[in-house]
Amino acid sequence: MLWIGGQFYPTPADFNREANSVGVSRRITATPKDLVVGETWVYLAHREAIAKTCPACKGRGVFTVESDQEDIAGEEWATLLGSGEVVVDCAQDGCRDGMRFAPAIFSAFIPTAIEQVVAEDCSEEEAEKLRKRGIEPVIVKRADEDVELPIEPVE
Ligand SMILES: [Zn+2]
């Protein structure tokens, strides 16, 4: 199982959109021993795969309490109303814009290839060992001198 990070993919839909257009490619630190290329299912999980309307604020993002609760009336997430009530920002308790989130598996795929970056001096023996495990070695050469890339600023 792989966790899909919220930093690059705020929601599973963001990941799926990219996967549908360019396919799935994930960097892994180690290949699970029992993984068979072309056979084993890999599950994808996201920490915010399930979204539910927050029961505390009923989806409003804020809720109102009586202002006689003086212990919260002075907090920065609480706004005192003249009408004898306090509006409480629900975000302090894991609520975001009236929604609460839970982790779940949202997709799965069968890997069609595993590539491993190896150094230039990787022997043919080592490369063959990897190939026997279904892993394709990809030789990366170190540039001898600085290479200039044509990068143009985007405005
Ligand atoms: Zn809430």
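Please treat every number below as a calculation from the coordinates, not as lab data. Predicted, not measured: the structure shown is a model, and the values here were computed from it. All Cβ positions, glycine included, derive from the backbone under ideal geometry; neighbour counts span all protein chains shown.
Laid out as a table, the results:
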{"read-out": "Cα-based Rg and Dmax for the range 1-44, where Dmax is the largest Cα-Cα distance (Å)", "value": "11.7, 30"}
{"read-out": "Rounded to the nearest 20 debye, dipole of the chain from Cβ charges on Lys, Arg, Asp, Glu", "value": "1000 debye"}
{"read-out": "Förster radius 35 Å - calculated FRET efficiency between Lys52 and Glu115, Cβ distance, rounded to 0.05", "value": "0.35"}
{"read-out": "Shape call, the chain: gyration tensor on alpha carbons, a/c limit 1.5", "value": "prolate"}
{"read-out": "Cut-off under 5 Å, modelled amide H: who pairs with Gly61 long-range", "value": "Gly98"}
{"read-out": "Per the chain, cysteines lacking a partner by the 4.7 Å Cβ criterion", "value": "Cys122"}
